[in-house]
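The structure under discussion appears below in the form of structure tokens.
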Amino acid sequence: MLSKLRIIVTGLIAQYPLGGVTWDYFQYVLGLARLGHDVYYLEDTGQWPYNPQEGGVSKGCEFNVEYLAGIMARYGLADRWAYRFPWQSQWFGLSDDKRREVIHSADLLINISGTIERPEEYRQARRMAYIDSDPVFTQVKLARGQVDFRKWIDLHDVHFSFGECLSPAVPVTGHRWRPTRQPVVLSEWHPSMAQREVFTTVMNWTSYKPVVYGNQSYGQKDIEFKRFHDLPDLVAPTILEIAVNTGKTRRTPRALLAHKGWHVVDPAEVCPDFDSYRRYIETSKAEWSVAKNGYVLGQPGWFSCRSACYLAAGRPVVVQDTGFSTIFPVGEGILPFTTVAEAVAAIQEVEATYERHAKAARDLAATYFDADTVLTRLIDEAVNDGD
């Protein structure tokens, strides 16, 4: 067991005060705190925050700061956070003196998803670790010669990736990408919750435009989803529900999806925040989801943070294979697919022997995603360089 360390975690909890985003970053904070480390959460993105109540970028940050403060206080971490609002660089949370002292004395700063705008300003920390949560796309950006992005990445001492088995299809960047995955605080997810007879998922139709490298375009979920438009008819009477964003720029074809038999719901209504997101997952029967087209092409072994939470809630996941079938035991709890026929067979298998797959799901979460195990390995490699 490592000795107690002072660790800073970065993230987007205030920037995007949404349920799934909150869990992605907060489980690092909570997991490290429960391991006994001296953990602080720091948010310095340089971006104007999104306010879901206003439906867009906000002119202020009152809602965002209150949301972050509430989450942290709820778990006894009220004095463990700092958030910078870009207008006049206003800081909230920790006092200026305490924030500087924490940064200067930190043993490790974990920059998840590269959320710090200027990592060079945090080099006082003894070690800085970068967590690549978007494999393939990260490596393509580096391979394309984006000089500023490379300099930004290179400011870190050690580099981790959710691409746990980067395939030869992923460009080489000159970095050692150490495998890691989403930590899940198992005690926060409750398999005993009553469930609806519905397979669900929460997704963005598109997150950003396709990235082109060489003669290959690496796209988003919209590209992959088109291959499975007719799935609801093929698995009826099983109900397939997607909580998908409605923003005008995303061009989600909601009418077409509904016509094809999908239950289409608005995440802003069914799972907008910390508690409702967890409840949405816990009351689902299972998950069905595609992956980003770039993950399918690159086969990096990426596994969804959201799917890990489904597993922790004892909910089987039927998810498009990104190479993770070479990392985790599949067939029970986790059922990968690459074709429509495989997706149909996997859904029917879960329906036929549900209790077996539900138990396997929770067991897989405990074995592979438990925050105690994932974070202990992460900080050991980050601090000791894995040597």
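The values are calculated or read from the model by the stated rules, or taken from the named source; none is laboratory data. None of the values given here were measured: they were computed from a predicted structure. Ideal geometry is used to build each Cβ from the backbone, glycine not excepted, and the neighbour counts take in all protein chains shown. Side chains included, ligands, DNA and RNA excluded: accessible areas come from the protein's heavy atoms. Shrake-Rupley method; radii C 1.70, N 1.55, O 1.52, S 1.80 Å.
Within region 250-273, being surrounded by 16 or more Cβ atoms within 10 Å (Cβ to Cβ), in a loop (DSSP other than H, G, I, E, B) and at negative phi holds for T252, P253, K260, W262, C271, P272, D273.
Just a yes or no: is a residue in region 306-320 in a loop (DSSP other than H, G, I, E, B), open to solvent by 10 Å² or more (accessible area, probe 1.4 Å) and either at pLDDT 95 or above or of a type in the set (S, T, N, Q) (or both)?
Among the residues of region 306-320, not one is in a loop (DSSP other than H, G, I, E, B), open to solvent by 10 Å² or more (accessible area, probe 1.4 Å) and either at pLDDT 95 or above or of a type in the set (S, T, N, Q) (or both), which makes the answer no.
Of the residues making up region 157-169, just one is farther than 22 Å from R306 by Cα and open to solvent by less than 10 Å² (accessible area, probe 1.4 Å), namely V158. Quickly run through region 83-118 and pick out the residues that are out of contact with any strand residue (DSSP E or B) (no Cβ under 6 Å at 6 or more places or on another chain) and within 20 Å of K151 (Cβ to Cβ). Across region 83-118, the qualifying residues are S113, G114, E117, R118. Just to be sure before I move on: is L12 modelled with pLDDT of 95 or more, touching a Ser or Thr at 6+ places or on another chain (Cβ under 6 Å) and open to solvent by 10 Å² or more (accessible area, probe 1.4 Å) in the structure I sent? When the stated conditions are applied, L12 passes them. State yes or no: is W189 in contact (Cβ under 8 Å) with a residue 12 or more places away in the chain, open to solvent by less than 10 Å² (accessible area, probe 1.4 Å) and under 29 Å from L30 (Cβ atoms)? Yes: the conditions hold for W189. Here D97 does not qualify as under 17 Å from A382 (Cα atoms) and among the charged types (D, E, K, R).
State whether the residues of region 85-102 include one that is surrounded by 12 or more Cβ atoms within 10 Å (Cβ to Cβ) and either modelled with pLDDT under 95 or within 22 Å of the chain's Cα centre (by Cα) (or both). Can you show your working first?
Within region 85-102, the first condition is being surrounded by 12 or more Cβ atoms within 10 Å (Cβ to Cβ), and the residues that meet it are 85-86, 91-94, 98-102.
Cutting the leftovers down to either modelled with pLDDT under 95 or within 22 Å of the chain's Cα centre (by Cα) (or both) gives us 86.
Yes, region 85-102 contains at least one residue that is surrounded by 12 or more Cβ atoms within 10 Å (Cβ to Cβ) and either modelled with pLDDT under 95 or within 22 Å of the chain's Cα centre (by Cα) (or both).
Just to verify a result, which residue in region 140-152, among those that are of a type in the set (A, V, I, L, M, F, W, C) and farther than 22 Å from G323 by Cβ, is least open to solvent (accessible area, probe 1.4 Å)? That would be F149. Counting only residues that are at pLDDT below 95 and open to solvent by 50 Å² or more (accessible area, probe 1.4 Å), region 329-387 holds 3 of them. Scanning region 224-249 for residues that are at pLDDT below 95, crowded, with 16+ Cβ neighbours inside 10 Å and outside any loop (DSSP other than H, G, I, E, B) gives a single hit, V244.
V344 falls short on exactly one of the conditions (1) more than 18 Å from M193 (Cβ to Cβ); (2) in contact (Cβ under 8 Å) with a residue 24 or more places away in the chain; (3) in a loop (DSSP other than H, G, I, E, B), and that condition is (3).
How many residues does region 306-326 hold that are touching a strand residue (DSSP E or B) at 6+ places or on another chain (Cβ under 8 Å) and either of a type outside the set (G, A, S) or free of Cβ contacts under 8 Å to residues at least 12 places away in the same chain (or both)? Number of matching residues: 13. Among the residues of region 192-205, the one identified as open to solvent by less than 70 Å² (accessible area, probe 1.4 Å), more than 20 Å from P272 (Cβ to Cβ) and not in a strand (DSSP E or B) is Q195.
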